[in-house]
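Trainee: Mind having a look at this structure? Questions to follow.
Since every read-out is calculated from the coordinates, none of them should be taken as a lab result. Predicted model only: the values in this text are computed from it and were never measured. Because the Cβ atoms are built from the backbone with ideal geometry, glycine has one as well, and the counts that use them run over all protein chains shown.
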């Protein structure tokens with residue numbers, strides 16, 4: 001969210017062979033501390049081994065992304081780069097990721113999904129809401145996940 005306006009951002013990741021103890025973690029347009037945390041969550045709760053992998057991430061278009069709601073999308077970009085898999089082109093992801101590997105609800109999820117529909121997305125990986133329900137926005141099918149593992153399973 002940029003004020004009250006919803007802006008969808010494409011996040012990209014690349015993993016490459018590195019060296020244990022000196023693996024690089026570089027980001028462009030993203031918080032490097034958040035990146036380090038998400039890599040640790042992927043290792044601990046997602047089953048990925050990234051200690052010997054260089055990880056590069058970027059937000060397309062040079063947009064500075066600081067919102068925790070982008071955690072899930074960035075995490076999936078890193079996992080996808082590692083496994084050489086991706087989300088379907090019409091699938092987006094939104095959610096905050098906790099240190100325990102849980103996917104947490106985010107504010108204004110309905111308006112985020114309406115913007116995704118406007119841009120042609122038909123599916124969205126979302127957190128389960130606080131009441132355990134899924135958001136209902138016409139034109140997009142939510143895929144609710146509770147954990148990082150559940151989100152990674154949605155990749156093809």
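Trainee: More than 15 Å from the chain's Cα centre (by Cα) and either free of Cβ contacts under 8 Å to residues at least 12 places away in the same chain or farther than 21 Å from residue 29 by Cβ (or both): does that describe residue 89?
Mentor: In short, no.
Trainee: Another one. Taking the criterion of being under 17 Å from residue 25 (Cβ atoms) and touching a residue at least 60 places away in the same chain (Cβ under 8 Å), would at least one residue in region 102-115 satisfy it?
Mentor: No; the residues of region 102-115 include none that is under 17 Å from residue 25 (Cβ atoms) and touching a residue at least 60 places away in the same chain (Cβ under 8 Å).
Trainee: A further question follows. On the basis of being in contact with a strand residue (DSSP E or B) (Cβ under 7 Å, 6 or more places away or on another chain) and within 23 Å of residue 29 (Cβ to Cβ), does residue 63 make the cut? It would help to see each step written out before you state the result.
Mentor: Values: in contact with a strand residue (DSSP E or B) (Cβ under 7 Å, 6 or more places away or on another chain): no; within 23 Å of residue 29 (Cβ to Cβ): yes.
No, not satisfied.
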